[in-house]
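Any read-out appearing in this document is the output of simple, stated calculations on the displayed coordinates, not a laboratory observation. Model, not experiment: these values are computed from the prediction. Positions of Cβ are backbone-derived with ideal geometry, glycine not excepted, and every protein chain shown enters the neighbour counts.
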Amino acid sequence: MKRIRIAELFAGVGGFRIGLESASNKNSKYEVIWSSQWEPGASTQHASEIYEHRFGSDGHLNEDIQEVIENKFNEILDHDLLVGGFPCQDYSVARVASQAKGLSGKKGVLWWSIYNILERKGKKAPSFLMLENVDRLLKSPSAQRGRDFAVMLSSLNNLGYIVEWRVINAAEYGMPQRRRRVYILGYKKGTNIYKKIKGENDIDNWIDSEGLIAKAFPVKKTTVTSNQFVLEKDLVKLSENFSSNKPTKSPFEIAGMMIDGKVFTKKVTPVYNKKFTILKDIVELDEKKIPEEFFIDMKDMPRWEYLKGGKTEERKTQSGHKYNYSEGSMVFPDSLDKPSRTIVTGEGGTSPSRFKHVIKTKSGKLRRLMPEELEKLNMFPVGHTKLMKNGKETPATKRAFIMGNALVIGVVKKLGSSLLNFF
C-alpha cells in the first residue's frame, strides 16, 4: 500500500486530516505525520487542544509556526503533501536592505511560512500542495486587484510547482453549506501529474474535464478559451506593478492553471445532477432535544429584526464624519428548504446578530443552531469539537467560532480521492 505522508499547517481541528484520511483506498493511504495549530493571542488554545484530544499529541505542535521555522525547522518532518487553510493577508514583498537578492514579506503573513518551508526543504519539498482560502484572495487587494494571488503563484513557480485552482461552493455539489472557498493544488516538477500537464496540448480541456479538480467537481464543457497572461518572475517587481493601473476587476477568474509562470484562467459553471442537501436535512426538528439557551428570547426580537432587516441610515465615525449606510434585508428566519448560509466565527452566543443562523421550529419558536448542527454543516463527525485535551469541555461559543473557521470536509475528501488517481 502506498503511504502518502501529510503535513497539516494551520490545522484547526483537523478538517484536512479527516477529509483526506477518509479518501484513502485499498491501494493508497493518506497519513498525517506532522501538524501545527496556533491561535495568536489566545490564552487557551481551544482548536489545538481539540486536535490533540482527537488525534493525539505525537507530531503535533502548538507553537507559532514562524518561530518553529526559525528555531525548530528539523521538527517539521519530511512529507509528500502539504495542506492548510491559511489567512488571506497582504502578500506584498520588498527587497531586504542588507541583501540585494533577499525578499521580505510582511511580518506575520502566514503565506510566507508556507513558502519558507517549501524553500528550505529544497529537494525534499513535498510533491503536492492542497491549500484553501477565501475566494477574496483572487481579487485582493482592492488597490491592485489580484496582486496577492499573483505573488503567490509566481513564488510557487519559482519553487518548481505547477498550480491549479478553483473556487468551489460546497452547496453547488450537494453539500449542506453555501461556502465559497478557493482550493489551490500544487504539483512539483518531476511528479507524474506535473509531466502529464506539461504534455497537455489543450489546457482548457484540463480545466474543463481532464484535470484533478474537474474530475472531482465537474463543470460544463464549453468552447470558451482561457484568458492568458505571463507573470513577472521577480516578486518585488510583480508586487509593485501587478494591476498597478488599478482595474476594477481581477484578471483571475474562478478556475485556472499556472504553468511555468503562464496563467490560464476562465469562468466555469458547476454540473451536479444528484440530491442537494438542505438545512432541514441537518438540523434537529424535535424541540424537546433543544437546550433552552438556543431559543431566542422574545425581548430580543426587535433587535434581531432590525439587524436582519434592510436599512438606509446616517452613521458617524469616531472622528465625527457622517456617512450614509445601507444594506439589504436577509431572510429571517433562515429557510429550511435550502443549504445553510456560510457559517461565520460569530455564530455562537445569545446576542442578536445579522449573520447568525436562526430557524423556526414546528411550533413556531425561533432558535439558533447548536454546535453539533454547525459541525454537521461542515461535515465533521457529530461532537468532534465537544472535548479538549484531558477531557475538558469546549465552550459552545468556541465550538461555533472554530466551525466558522473550518472547511467543508466533503470538498477535501473529493479532492483527495481525485489526487489518488494521478499518482
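So what is the diffusion coefficient of segment 324-365 in µm² per second by Stokes-Einstein at 37 °C and 0.692 mPa s, using a Kirkwood Rh over Cα pairs? Each step should come with its number before you reach the end.
Numbers: Rh = 12.0 Å.
Roughly 273 µm²/s, to the nearest whole number.
Collect residues whose amide H, placed 1.01 Å from N in the peptide plane, falls under 5 Å from the amide H of LEU61; neighbours closer than 5 in sequence don't count.
Under 5 Å from the amide H of LEU61 lie the amide H atoms of SER35, SER36, GLN37, each far enough along the sequence or on another chain.
Sorted by mean Cβ packing within 10 Å, highest first, what order do the peptides 320-326, 65-71 take?
Ranking the peptides 320-326, 65-71 by packing returns 65-71, 320-326.
Straight-line reach only, C-alpha to C-alpha below 16 angstrom: list the lysines that LYS266 could link to, leaving out same-chain residues fewer than 8 apart.
Partners found: LYS139, LYS220, LYS221, LYS249.
About its Cα centre, how strong a charge dipole does segment 279-391 have in debye, to the nearest 20, once Lys and Arg get +1 and Asp and Glu get -1 at the Cβ?
240
Report, in whole Å, the centroid distance computed from the Cα atoms of segment 246-294 and segment 115-177.
With segment 246-294 and segment 115-177 each reduced to a Cα centre, they are spaced 17 Å.
Would you report the distance distribution of C-alpha pairs in segment 98-216 as whole percents per 5 angstrom bin, up to the bin with the largest distance?
2, 9, 17, 21, 20, 16, 10, 4, 1, 0, 0
Please work out the FRET efficiency for the pair ASP281 and GLU210, using the Cβ-Cβ distance as r and a Förster radius of 30 Å; give the result to the nearest 0.05.
Result of the calculation: an efficiency of 0.35.
Run down the lysines and flag those whose C-alpha is under 27 Å from the C-alpha of LYS316, throwing out any fewer than 8 positions away in its chain.
Here the lysines satisfying the reach criterion relative to LYS316 are LYS308, LYS356.
Quick query: amide H of PHE229 versus all other amide H atoms, modeled in the peptide plane; which residues come in under 5 Å with a sequence gap of 5 or more or a different chain?
Distant-sequence amide H within range of PHE229: VAL263.
With r as the distance between the Cβ atoms of LEU77 and THR223 and R0 = 41 Å, compute the FRET efficiency 1/(1 + (r/R0)^6) and round to 0.05.
For R0 = 41 Å, the calculated efficiency reads 0.35.
Run the reach check for LYS246 against aspartates and glutamates, Cα to Cα strictly under 18 Å, same-chain hits fewer than 8 apart removed. What comes back?
Cross-link targets: ASP90, ASP148, GLU232.
Kindly write out, for segment 406-412 in residue order, the coupling ³J(HN,Hα) from the Karplus curve 6.51 cos²θ - 1.76 cosθ + 1.60 (θ = phi - 60°), rounded to whole Hz, with x marking Gly and Pro.
Going residue by residue, I get 7, 10, 7, 4, x, 5, 5 Hz, with x marking Gly and Pro.
Kindly work out what percent of the DSSP beta bridges joining two residues of the chain are antiparallel, to the nearest 5.
Percent antiparallel among DSSP bridges in the chain is about 70.
Looking at LEU235, ASN245, THR222, which one has the Cα that reaches farthest to the positive end of the dipole of segment 212-252 (charges on Cβ: Lys, Arg +1; Asp, Glu -1)?
Sorting the options by dipole projection puts first THR222.
Using the eigenvalues of the Cα gyration tensor, what equivalent ellipsoid semi-axes result for the chain when each is taken as the square root of five times the eigenvalue, whole Å, largest first?
36, 26, 24
Could you tell me which residue out of ASN201, ILE184, PHE295 lies farthest along the dipole of the chain toward its positive end? Charges go on the beta carbon: Lys and Arg +1, Asp and Glu -1, centred on the Cα centre.
ASN201
Which parts of segment 257-298 would a label at SER363 reach, counting a residue when its backbone N lies under 11 Å from a point 7 Å out along Cα-to-Cβ?
What the label zone holds, given the 11 Å backbone N cut-off, is 287-290.
Using θ = phi - 60° and the Karplus curve 6.51 cos²θ - 1.76 cosθ + 1.60, what whole-Hz ³J(HN,Hα) does each residue of segment 243-248 get, with Gly and Pro shown as x?
Residue by residue, segment 243-248 yields 6, 5, 7, 6, x, 7 Hz.
Amide H neighbours of GLY174 under 5 Å, counting only residues 5+ apart in sequence or on other chains, H built in-plane at 1.01 Å?
Answer set, sorted by chain and number: THR277.
What number, in percent, do you get for the relative contact order of the chain if the mean sequence gap of Cα pairs under 8 Å and at least 6 apart is divided by its residue count? Please report the intermediate quantities before stating the final value.
Working: 812 pairs, mean separation 73.1, N = 423.
Result for the chain is 17 percent.
Using the crude model of +1 on Lys and Arg Cβ and -1 on Asp and Glu Cβ, and no other charge, please compute the dipole size for the chain relative to its Cα centre, in debye to 20.
So the magnitude is around 840 debye.
Using a cut-off of 10 Å between beta-carbons, work out the net charge of the residues near PHE73 (Lys and Arg +1, Asp and Glu -1, PHE73 not included).
Working: positive: LYS72, ARG120, LYS121; negative: GLU70, GLU75.
Here the count lands on +1.
Determine the calculated [θ] at 222 nm for the chain from helices alone, applying -39500 (n - 2.57) to every DSSP H run no shorter than 4 residues and normalising by the residue count; nearest 500 deg cm²/dmol. Before the final figure, lay out each step's value.
Details: 13 runs with 107 residues, N = 423.
About -7000 deg cm²/dmol.
Looking at the P(r) of segment 172-326, how many percent of alpha-carbon pairs lie beyond 18 Å?
Of all Cα-Cα pairs in segment 172-326, 76 percent lie more than 18 Å apart.
Over all directions, average the projected area of the Cα convex hull of segment 279-391 and note it in nm².
So the mean shadow area of the Cα hull is 9.9 nm².
Give me the extension gain from LYS338 to ASP234: residue separation times 0.36 nm, minus the current Cα-Cα distance, reported in nm with one decimal.
That works out to 32.8 nm of additional length.
Could you please state, rounded to a whole Å, how far the C-alpha centre of segment 1-75 is from the C-alpha centre of segment 381-406?
Between the Cα centres of segment 1-75 and segment 381-406 lies a distance of 16 Å.
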